[in-house]
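Below: one structure, written as structure tokens.
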Amino acid sequence: MKIGTTVVVAAMLSVTAGFYFYSENKTVENQKAEARVVQPSESAQVGQTEPKQMDKVKVEMVKVGFDNRSWKEGFRDINEQSQMIEYVLSNETVHNWSELVTVQYFPGARNPQQLFDVTKDKVKQLGIQSEFKLVNQTEKELVYGWYVEDQPKKGIPAQVEISRIIQVDEGTYWLHYAIKSKDPSKKGIDDWTNRLSAVKISE
């Protein structure tokens, strides 16, 4: 399954408010049929203020500090309930990736701690063997990492993700970096933690 942020296949729809899972033993016919763990309908409404209609593509204005490799936009899904852009390395796709960067936006401010807690609970309910680590937290921001063990019977390869949740006046941004690896380099994870933490959000 595809993590990051990252559906337990078609049953859980397309956009999540959290992680993504890619199933290596199931053919995905449509990007929106990929497995996602936490959806806006389940978690993004936690601690939510009344959302306002979106009048611009806010995720396009989020400038992630990519490394010196070549990246490209692999997929986007923009609607009134949420916005998402997924970036992959130039020689990969969202169906076959080794590293994935995702930028999401949901209208309506949501409490980062509550979203984090709901995400952990959902992953536990799904029986996914994983470990979460809180990296940094303020009143309106939260950075965390999580590791997913290799689970061949469920088609889930080992993966690591760094995520940052940012609450703003009229919405919530959720940034993700995911890598499929049992043991990614500490420097690489630290570098991406710093990159996501350095992203400036301007409303």
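The values are calculated or read from the model by the stated rules, or taken from the named source; none is laboratory data. Owing to the predicted nature of the structure, the values given are computational and were not obtained by experimental measurement. Using ideal geometry, Cβ is built from the backbone for each residue, glycine included, and neighbour counts are taken over all protein chains shown.
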What residue, among those in segment 68-113 that are within 15 Å of Trp192 (Cα to Cα) and of a type in the set (Ser, Thr, Tyr), is farthest from the chain's Cα centre (by Cα)?
-> Ser98
Taking segment 88-112 and the residues there that are hydroxyl-bearing (Ser, Thr, Tyr) and surrounded by fewer than 20 Cβ atoms within 10 Å (Cβ to Cβ), the one that is nearest to Pro184 (Cα to Cα) would be Ser98
Only residues in segment 167-189 that are surrounded by fewer than 21 Cβ atoms within 10 Å (Cβ to Cβ) count as the first member; pair them with residues that are basic (Lys, Arg), Cβ under 6 angstrom, at least 6 apart or cross-chain, and list the lot.
-> Glu170/Lys52
In segment 84-190, which strands (runs of 3 or more DSSP E) lie fully inside it and hold 1 or more residues that are in contact with a Gly (Cβ under 9 Å, 6 or more places away or on another chain) and farther than 21 Å from Lys72 by Cβ?
-> 99-107, 130-137, 159-167, 171-180
Mind checking which residues of segment 141-157 are surrounded by fewer than 17 Cβ atoms within 10 Å (Cβ to Cβ) and either aromatic (Phe, Trp, Tyr) or at pLDDT 95 or above (or both)?
-> Glu141
Of the residues that make up segment 56-76, is at least one polar (S, T, N, Q) and buried (at least 21 other Cβ atoms within 10 Å of the Cβ)?
-> no
